[in-house]
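Only one structure is covered here, and it is reproduced in the block below.
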Amino acid sequence: MSSILPKDPLKYRWIILVMSFLLITITNGLTLGGLYVFEEELINSLSQITGEGVLRADLKLRDAILLWSTAFFGFFAGVLADKIGVKKLMISGLLLLSLCFWQYSQAISLNQMYIIHVFMGLVLCIAGMLVNVILISRWFNNSRGLAIGILLAGTSTGNGLFPQINTYLLSLGDWREVMIWLSFIPLCLIPLLLIFVKNGPEELQATTEDITDQESTESHTGKSFTLVQALKARNFWLLSLMAFCTFYSILAMTGHVFLMLREENYAPQVAATGVSIIFLGGFIGKVISGQLAETYGRKKILLSGVGIMLIGSIFIVLALLYSNPLFVWIGLGFYGFGWGGLYTLIQLLSADLFGIASLGKIMGVINIVDTFGGGLGPFLTGYLYDQTEGYLTPFIVISLLLIIAFLSSSLLSIDDKEIEDNR
């Protein structure tokens, strides 16, 4: 097998990108978007078991637990990624993800589901976005924006694909059977990761005798911050605030759009399409924003992403006010596209502004901030829904947070020429 693989790091890095894309598609699709279509089934099943109604806020607390456990484990995952590499973490994460779905099929209470989501949060740390961005940043110096954009499109691919897949599977069996079927998916990827993934170009070079200096041009020698230096930087906190607000907003929206559309009497498959539209828009935004940032500058594309997401949020608020279905679909498309663009820029700027020497630790801290917001989004939106008996107030809150995100993004100090010089 090794004899037919490219030995040039500049070629082999695209194999790494494909592996990371597949991994992030599966981990995000299974733990986030793919679970939303189970919610009606879970509410009905738990209500029958307990003999009492299950509030949406109670169910959505599991989403908050997922993201908060990601925040808790994120820093430690970043430290381990810097120390031992990402490959061992990825394999462990897939094994744990398979076990989580097997245990989900046996769950009979919310408390059991809460515990499972703690471990799913760990999966997202050791086999999700954080370790994959670190891996891609190690392999890509030039074209890093394009590579990270393609990588993060995997989150939208998984979150857009699995709601449709799972809705179809639920037509073939009950939710417990479907959970068992899904538990085998992570196991199928493990052999590919074992064969193809290498922690960095140096591992490829260590097993290759004919690597030239020209072929090794992807080495990273630019300026890097330590964690302490990053914590003292104004850009770090502005980036973290923007990430907090936008993670709250996207996960609040994706966590409730299926239920919102079902409440408006859309069929389950149509409601699942609403989730998919957000992630399809995100897919497009992620793929193109990295390259656009390389061409037109990071800040312009970042502000465009936040602004488009805000416009989408306003359309959805208007749809709730005037019961206009056209506004819903326009709003969801804008929302997803804007989120995709700015999400890529958050990861790209983490590497560009602070370097890769301590990137795991720095992203681990940013991960604590943004996932706290992401975990708060679905839970607080569910709580506000229960209190107001509608989605208008929680979605107005989302719009206000996106205004804050736009202001913090506009205050970031980003010198594209300096970033290029440091590479």
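Checked against (1) surrounded by fewer than 24 Cβ atoms within 10 Å (Cβ to Cβ); (2) free of Cβ contacts under 8 Å to residues at least 40 places away in the same chain; (3) within 20 Å of Thr381 (Cα to Cα), Gly312 passes all but condition (1).
Residues in the stretch 368-390 that are open to solvent by less than 10 Å² (accessible area, probe 1.4 Å) and not β-branched (Val, Ile, Thr) were compared, and the one that is farthest from the chain's Cα centre (by Cα) is Gly382.
How many of the residues making up the stretch 145-168 are open to solvent by 10 Å² or more (accessible area, probe 1.4 Å) and either among the acidic types (Asp, Glu) or within 14 Å of Ala293 (Cβ to Cβ) (or both)? Counting residues in the stretch 145-168 that are open to solvent by 10 Å² or more (accessible area, probe 1.4 Å) and either among the acidic types (Asp, Glu) or within 14 Å of Ala293 (Cβ to Cβ) (or both) gives 2. Can you find a residue in the stretch 177-192 that is in contact (Cβ under 8 Å) with a residue 24 or more places away in the chain and under 21 Å from Asp82 (Cα atoms)? No - not one qualifying residue is present in the stretch 177-192. Would you confirm, using the coordinates I've provided, whether Gln112 is surrounded by fewer than 22 Cβ atoms within 10 Å (Cβ to Cβ), at pLDDT 85 or above and outside any helix (DSSP H, G or I)? The answer is no for Gln112. Scanning the stretch 83-90 finds no residues that are closer than 19 Å to Asp370 by Cβ, crowded, with 24+ Cβ neighbours inside 10 Å and either of a type outside the set (A, V, I, L, M) or touching a Leu at 6+ places or on another chain (Cβ under 7 Å) (or both).
Hey, does the stretch 169-181 have a residue that's of a type in the set (Gly, Ala, Ser), open to solvent by 40 Å² or more (accessible area, probe 1.4 Å) and either over 18 Å from Asn132 (Cβ atoms) or under 22 Å from the mean Cα position of the chain (by Cα) (or both)?
The initial filter retains those residues of the stretch 169-181 that are of a type in the set (Gly, Ala, Ser), namely 171, 173.
Checking the rest, the ones that are also open to solvent by 40 Å² or more (accessible area, probe 1.4 Å) come to 171.
Pick out the ones that are also either over 18 Å from Asn132 (Cβ atoms) or under 22 Å from the mean Cα position of the chain (by Cα) (or both) and you get 171.
Within the stretch 169-181, one or more residues are of a type in the set (Gly, Ala, Ser), open to solvent by 40 Å² or more (accessible area, probe 1.4 Å) and either over 18 Å from Asn132 (Cβ atoms) or under 22 Å from the mean Cα position of the chain (by Cα) (or both).
Selection of the stretch 284-300 for residues being buried (at least 24 other Cβ atoms within 10 Å of the Cβ) and under 19 Å from the mean Cα position of the chain (by Cα) yields Gly285, Lys286, Ser289, Gly290.
In summary, Leu239 fulfils each of the numbered conditions (1) surrounded by fewer than 24 Cβ atoms within 10 Å (Cβ to Cβ); (2) in contact (Cβ under 8 Å) with a residue 60 or more places away in the chain; (3) under 23 Å from Met129 (Cα atoms) with the single exception of condition (1). One residue stands out in the stretch 129-143 among those that are assigned to a helix (DSSP H, G or I) and open to solvent by 10 Å² or more (accessible area, probe 1.4 Å): the one that is nearest to Lys286 (Cα to Cα), namely Met129.
Considering only the stretch 163-193, how many residues are under 14 Å from Leu23 (Cβ atoms) and in contact with a helix residue (DSSP H, G or I) (Cβ under 7 Å, 6 or more places away or on another chain)?
Within the stretch 163-193, residues that are under 14 Å from Leu23 (Cβ atoms) and in contact with a helix residue (DSSP H, G or I) (Cβ under 7 Å, 6 or more places away or on another chain) number 7.
Scanning the stretch 84-99 for residues that are out of contact with any Ser or Thr (no Cβ under 6 Å at 6 or more places or on another chain) and in contact (Cβ under 8 Å) with a residue 40 or more places away in the chain turns up Gly85, Val86, Lys87, Leu89, Met90, Ile91, Gly93, Leu94, Leu95, Leu97, Leu99. Within the stretch 190-202, the set of residues being assigned to a helix (DSSP H, G or I) and open to solvent by 10 Å² or more (accessible area, probe 1.4 Å) comprises Ile190, Pro191, Leu192, Leu194, Ile195, Phe196, Pro201, Glu202.
Select, from Ile26, Ile49, the only residue that is open to solvent by 20 Å² or more (accessible area, probe 1.4 Å) and under 19 Å from Ile278 (Cα atoms).
Numbers: Ile49 fails: under 19 Å from Ile278 (Cα atoms).
The conditions single out Ile26.
The values are calculated or read from the model by the stated rules, or taken from the named source; none is laboratory data. Here the structure is a predicted model, which means the values were calculated and not measured. Reconstructed Cβ throughout: ideal geometry from the backbone, glycine too, with neighbour counts over all protein chains shown. Heavy atoms of the whole protein, side chains included, go into the accessibility calculation; ligands, DNA and RNA do not. Shrake-Rupley method; radii C 1.70, N 1.55, O 1.52, S 1.80 Å.
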